[in-house]
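Scroll down for the structure; my scribbles are underneath it.
Each reported figure results from applying straightforward, stated rules to the coordinates on display, with no laboratory input. Computed from a predicted structure; not experimentally measured. When we count neighbours, we look across all protein chains shown, and the Cβ atoms used for this are built from the backbone with ideal geometry, even at glycine.
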Amino acid sequence: MPKPIPGELTFVAPRGAKPPRHLADLTAAERREAVAELGEKPFRADQLSRQYFSRLSAGPDEWTDIPAASRAKLGEALLPELMSVVRNVSCDDDATRKTLWKLFDGVLVESVLMRYPDRVTMCISSQAGCGMNCPFCATGQAGLTRNLSTGEIVEQIAAGMRSIKNGEFGSDGSGEAGAVRLSNVVFMGMGEPLANYKRVIAAIRRLTDPAPGGFGLSQRGITVSTVGLVPAINRLADEEMSVRLAVSLHAPDDELRDTLVPVNTRWRVAEVLDAAWAYAERSGRRISIEYALIKDINDQAWRADLLGRLLKNHRAHVNLIPLNPTPGSKWTASRPEDEREFVRQLKLHGVPVTVRDTRGQEIDGACGQLAAAG
Ligand code: SAH
């Protein structure tokens, strides 16, 4: 993939071979149809769903409720292997684990599991690469390879849940099953989720549909992060879901944002924020405003003040992200005193603000560092 030229945007992913069809691509009705087409009783679809979504089964050998003769056929047709682990790397005392996946066509993507005292969060990818070309983000600098299928998105979560179940990650030492549960999912890995809209929405449905049709996660535990694709934000509001929306703002003024988040040349700061407030209204959820603090670029007190003016009296929370280093980038994280002043300015406007931890930085697993090199 050639490096994109600065400012260039890619909205439509290149077409290639399609990933194999998977149970998680399909709605409950479609699953029954697919099973019937294989000459099996439609209720086998529900059994398969239970195996995949509820039991987190590893494969046909475990499907003792399905006749042996049907297992291989159903498995091959509806639960093909979508991805294999190239490697896992951990840091933060094993509380952060990044997985590099190889997809059916050799394309690489990454996901990150993060354990906190009270929860496990998984950061997943929605595209291989990204077409949004933000100059401070390693994924953006790699260009867009392709969209992930719904199955490929969901399978990242399924794999994370299986790891926890097997005690490979997130065991709290008590030996008790389910002591830590994957409860939060953030679409903050590789890709622009709203540029792969249909598949991302279908994936959210699979994650949140009640078991055994889906994983039964709470919509409130899911965050979709976007560079600010306004029409897609409006569409998301129409879905009437209560997932959290995060907006990667990074600058309060169009002049600077044009250079940091190139899609700003299409939809300006004011338009993005208007769409975000409308989303907050519909979903009942506060908007997360993501702001990577870049030394001497976007971290001035006057920009913090301007940001505070834009956000005050709206349902927003600012997440400041100390810039994580990426290859070839000329930028670095802000000085501590500038970060403190930035926080202070926002607080003067009554805007809630937190500074995000730099989880995963030493394994290139932190925000903006996912580049999936083999
Ligand atoms: N494309 C979506 C989803 C990716 S989320 C989006 O941009 O929102 C990844 C988050 O990390 C985004 O907020 C992104 O702007 C931020 N990010 C990218 N590169 C970063 C870096 N080098 N340091 C800190 N945050 C970064």
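Filter the trypsin sites (Lys or Arg not before Pro) in segment 303-374 to those in DSSP coil with at most 10 other Cβ atoms within 10 Å of their Cβ, and list the result.
When the trypsin sites (Lys or Arg not before Pro) of segment 303-374 are filtered for loop state and at most 10 Cβ neighbours within 10 Å, K330 remain.
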field: Computed label-point distance, nm, for sites A69 and H314 using a 7 Å Cα→Cβ extension
entry: 6.3
- request: Apply the Karplus parameterisation 6.51 cos²θ - 1.76 cosθ + 1.60, with θ equal to phi minus 60°, to every residue of segment 183-191 and state each ³J(HN,Hα) to the nearest whole Hz, in sequence, with x for glycine and proline.
  value: 10, 10, 10, 10, 7, 10, x, 6, x
message: Over the chain, with a Gaussian network built from C-alpha contacts below 10 Å, which listed residue (S288, S125, S84) shows the highest mean-square fluctuation?
response: S84
query: With the contact rule set at Cα under 8 Å and sequence spacing of 6 or more, what percent relative contact order holds for the chain?
result: 16
- request: Grab the beta carbon distance between A58 and D238, set R0 = 35 Å, and tell me the FRET efficiency rounded to 0.05.
  value: 0.40
task: Please identify every one of the trypsin sites (Lys or Arg not before Pro) in segment 13-117 that sits in a loop by DSSP and has no more than 11 other beta carbons within 10 Å of its own beta carbon.
output: R15
statement: Under the 7 Å Cα-to-Cβ spin-label approximation, R50 and R266 lie apart by a distance in nanometres of 4.4
- line: Interchain or sequence-distant (5+) residues whose placed amide H lies within less than 5 Å of the amide H of V185 are M122, I222, T223
query: Once the Cβ-Cβ distance between L348 and R87 is put in as r, and R0 is 41 Å, what FRET efficiency do you end up with, to the nearest 0.05?
result: 0.35
